[in-house]
Amino acid sequence: MTDEGGAYKAAGVDIAAGNLAVKLMKAAVEATHGPRVLGGLGSFGGMYDARFLREMDEPILVASTDGVGTKTKVAAALGRYDSVGMDIVNHCIDDILVQGAVPLMFLDYVAASKLDPQMVATIVTGAATACKAAGCALIGGETAEMPGVYAPGEFDLVGTILGVVDRKDLIRGENIRPGDVVLALPSAGLHTNGFSLARRALEGQDLEAPHPDLGGVTLADALLAPHRSYLAEVLALRDAGVPIHGLAHITGGGLIENPPRILPAGVAFRFFEGSWPLPPLFALIQRLGGVSTPEMRQVFNCGVGMLVVVRPSDADAARSVLGRFGDVWTIGAAIERTGPAVEFAG
């Protein structure tokens, strides 16, 4: 007889490593479970008590799936896995938040050529930390070891989220009209987009040395800064009675491709040049990579993580509420569309 899992292990898959990863992450995952979660970690499917939906007039479920992309290559190269789990949760939260949905449950998928139990546990613990902060249950997931599919030392990270919004609170952008004010909330860095270009631009740089262009912060810390969630800000606006006519999460496609996703026909956005500061990390990438300003705006968030569109009469109240969380910038306005959906003006 062979040792337990001997033949499978010889083929490149270590069952014991997967089981150890589950054991290491178990407490963090279960800390996200409230009374609505039925059953524990390890079931074939996660169960969630949805009776509370009866309290809503017209509950609408909103779901999204996304990945961290090639930010995983930076994490793997540095051996730092504590923030990418937070990245994927907060990215997914923001994706459904733009429609007014609050998160209910999250599932993660971690895959690699060879599983390192401590690595997997660190990633999932980061995801659990972000889930707990958002009041979201990490209800399940998958850990896959696939030699021959993933290159040695590489891993992939994907998340799926399910949230809910009452129809009366749904945000779809259909009420945006010319004259509306566009407010912007800062990103925490690149978030989860543009890393292929960023890695090329920064190739050869010492990622772990304090960088003078970043005020002494290392490139490693700047690049791996976790994606910011804007859940608290949006809920604060809702609690304050400030009507939100549109939200745009600035992800892949940057400031060029994301804002039009919420615009009704005949309306465009005009952004004001210089209305927000370009963070040093983006300026460094642009300089070292020889990246044009139009391409920067199409690839990166350029320091803007979320757009909030409100009526001019509500702009002061919105700025007051959002200002409690940090910087908020007035970066543009909705205009009648006569050309591109997004334009920049001095």
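The values are calculated or read from the model by the stated rules, or taken from the named source; none is laboratory data. None of these values were measured; they are calculated from a predicted model. All Cβ positions, glycine included, derive from the backbone under ideal geometry; neighbour counts span all protein chains shown.
Of the residues 79, 85, only one is assigned by TED's automatic domain parsing to the domain that holds residue 132, under 15 Å from the mean Cα position of the chain (by Cα) and either crowded, with 18+ Cβ neighbours inside 10 Å or not acidic (Asp, Glu) (or both); which?
None of the other options fit; the residue is 85.
Do we find that residue 74 is surrounded by 17 or more Cβ atoms within 10 Å (Cβ to Cβ), among the hydrophobic types (A, V, I, L, M, F, W, C), modelled with pLDDT of 95 or more and in a helix (DSSP H, G or I) in this structure?
yes
Matching residues to (1) within 22 Å of residue 326 (Cβ to Cβ); (2) buried (at least 22 other Cβ atoms within 10 Å of the Cβ); (3) within 17 Å of the chain's Cα centre (by Cα):
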site	(1), (2), (3)
216	yes, no, no
234	yes, yes, yes
242	yes, no, no
248	yes, yes, yes
287	no, no, no
290	no, no, no
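Can you name every residue in region 54-65 that is in contact (Cβ under 8 Å) with a residue 40 or more places away in the chain and not small (Gly, Ala, Ser)?
Answer for region 54-65, where residues must be in contact (Cβ under 8 Å) with a residue 40 or more places away in the chain and not small (Gly, Ala, Ser): 56, 57, 58, 59, 60, 61, 62, 65.
What pairs come out if I take residues in region 139-166 that are without any contact (Cβ under 8 Å) to a residue 40 or more places away in the chain and pair them with residues that are surrounded by fewer than 16 Cβ atoms within 10 Å (Cβ to Cβ) whose C-beta lies under 7 Å away, six or more apart or interchain?
Note: no pairs meet the criteria.
Within region 255-270, can one find any residue that is under 22 Å from the mean Cα position of the chain (by Cα), surrounded by 16 or more Cβ atoms within 10 Å (Cβ to Cβ), basic (Lys, Arg) and at pLDDT 95 or above?
no
What number goes with the only condition from (1) out of contact with any Pro (no Cβ under 8 Å at 6 or more places or on another chain); (2) among the hydrophobic types (A, V, I, L, M, F, W, C); (3) in a helix (DSSP H, G or I) that residue 86 does not pass?
Every condition holds for residue 86 apart from (1).
Suppose we keep only residues that are at pLDDT 90 or above and in contact with a Phe, Trp or Tyr (Cβ under 9 Å, 6 or more places away or on another chain) within region 4-48. Which one would you say is surrounded by the fewest Cβ atoms within 10 Å (Cβ to Cβ)?
Looking at residues that are at pLDDT 90 or above and in contact with a Phe, Trp or Tyr (Cβ under 9 Å, 6 or more places away or on another chain), I get 38.
Pick out the one residue from 280, 312 that is more than 19 Å from residue 227 (Cβ to Cβ) and either surrounded by fewer than 17 Cβ atoms within 10 Å (Cβ to Cβ) or among the basic types (Lys, Arg) (or both).
Within the list 280, 312, the selection yields 312.
Just give me the residues in region 78-102 being touching a residue at least 12 places away in the same chain (Cβ under 8 Å) and over 18 Å from residue 129 (Cα atoms), in sequence order.
First, the residues of region 78-102 that are touching a residue at least 12 places away in the same chain (Cβ under 8 Å): 78, 80-102.
78, 95, 96, 97, 98, 99, 100, 101, listed by residue number.
Can we say residue 51 is free of Cβ contacts under 8 Å to residues at least 40 places away in the same chain, among the basic types (Lys, Arg), in the same structural domain as residue 142 (by TED's automatic domain parsing) and surrounded by fewer than 21 Cβ atoms within 10 Å (Cβ to Cβ)?
Working: free of Cβ contacts under 8 Å to residues at least 40 places away in the same chain: yes; among the basic types (Lys, Arg): yes; in the same structural domain as residue 142 (by TED's automatic domain parsing): yes; surrounded by fewer than 21 Cβ atoms within 10 Å (Cβ to Cβ): yes.
Against the criterion (free of Cβ contacts under 8 Å to residues at least 40 places away in the same chain, among the basic types (Lys, Arg), in the same structural domain as residue 142 (by TED's automatic domain parsing) and surrounded by fewer than 21 Cβ atoms within 10 Å (Cβ to Cβ)), residue 51 qualifies.
Going by the conditions given, is residue 295 out of contact with any Pro (no Cβ under 7 Å at 6 or more places or on another chain), of a type outside the set (Gly, Ala, Ser) and surrounded by 15 or more Cβ atoms within 10 Å (Cβ to Cβ)?
Answer is yes for this residue.
Is there any pair linking a residue in region 251-266 that is under 17 Å from residue 95 (Cβ atoms) to one that is of a type in the set (Asp, Glu) and surrounded by fewer than 16 Cβ atoms within 10 Å (Cβ to Cβ), with Cβ under 8 Å and at least six apart or on different chains, and which?
As it stands, the answer is none, since no pair meets every condition given.
Could you pull out the residue among 122, 129, 72 that is touching a residue at least 12 places away in the same chain (Cβ under 8 Å) and under 27 Å from residue 201 (Cα atoms)?
Step by step, each of 122, 129, 72 is checked, and only 72 is touching a residue at least 12 places away in the same chain (Cβ under 8 Å) and under 27 Å from residue 201 (Cα atoms).
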